[in-house]
1. Would you mind stating whether residue 65 is assigned to a loop (DSSP other than H, G, I, E, B) and either farther than 23 Å from residue 81 by Cα or β-branched (Val, Ile, Thr) (or both)?
2. Condition first: in contact (Cβ under 8 Å) with a residue 24 or more places away in the chain and more than 13 Å from residue 76 (Cβ to Cβ). Now tell me which residues in segment 4-14 satisfy that.
3. Identify all residues within segment 18-33 that are surrounded by 11 or more Cβ atoms within 10 Å (Cβ to Cβ), more than 10 Å from residue 54 (Cβ to Cβ) and either of a type in the set (Phe, Trp, Tyr) or without any contact (Cβ under 8 Å) to a residue 12 or more places away in the chain (or both); write none if there are none.
4. Pick from 60, 52: which is in contact with a strand residue (DSSP E or B) (Cβ under 9 Å, 6 or more places away or on another chain), small (Gly, Ala, Ser) and within 30 Å of residue 2 (Cβ to Cβ)?
5. Any chance segment 2-24 includes a residue that's among the hydroxyl-bearing types (Ser, Thr, Tyr), more than 13 Å from residue 70 (Cα to Cα) and more than 13 Å from the chain's Cα centre (by Cα)?
6. Being exposed (fewer than 13 other Cβ atoms within 10 Å of the Cβ) and part of a helix (DSSP H, G or I) is the filter here; which residues of segment 50-62 pass it?
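What follows draws every value from the coordinates through simple rules; no lab data is involved. This one's a predicted model, so the numbers in the text were calculated from it and none came from an experiment. Note that we place each Cβ from the backbone using ideal geometry, even for glycine, and neighbour counts take in every protein chain shown.
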Amino acid sequence: MQALKTKEERLKEGLSILKQLMDAGVSNKAEPFLELQKHISEWVNTGKTWDGRIEFPEYGRYALVELPKSANVSSTLAFKRKVTR
């Protein structure tokens with residue numbers, strides 16, 4: 001049986017993701033940031049896995065997010081630029 005992340009580990013990883021987004025210039029008051037914060041809060045409190053895509057239209061980007069429950073898998077956020085043709 002695989003070990004699960006502790007609440008403390010989830011909190012540390014979630015805060016790190018949010019800080020990295022702010023360091024990249026994303027406002028913590030932007031709607032997509034608040035949506036991500038909601039998913040992270042739920043993940044921290046319940047431990048339930050979540051992954052998905054969140055659009056950041058005012059930044060011309062989207063985020064691919066993985067919030068795992070397994071202790072040996074890190075949470076990730078890929079902040080990708082939208083390609084327009």
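1. Details: assigned to a loop (DSSP other than H, G, I, E, B): no; either farther than 23 Å from residue 81 by Cα or β-branched (Val, Ile, Thr) (or both): yes.
Here the answer is no, as residue 65 does not meet what is asked.
2. As a first pass, look at segment 4-14 and keep what is in contact (Cβ under 8 Å) with a residue 24 or more places away in the chain: 4-7, 9-11, 13-14.
Scanning segment 4-14 gives 4, 5, 6, 7, 9, 10, 11.
3. 19, 22, 27, 28, listed by residue number.
4. Numbers: 60 fails: within 30 Å of residue 2 (Cβ to Cβ).
Within the list 60, 52, the selection yields 52.
5. Filtering segment 2-24 for residues among the hydroxyl-bearing types (Ser, Thr, Tyr) gives 6, 16.
Applying the additional criterion that residues be more than 13 Å from residue 70 (Cα to Cα) yields 16.
From what's left, more than 13 Å from the chain's Cα centre (by Cα): none.
No, that holds for no residue.
6. Residues satisfying the conditions are 57, 58.
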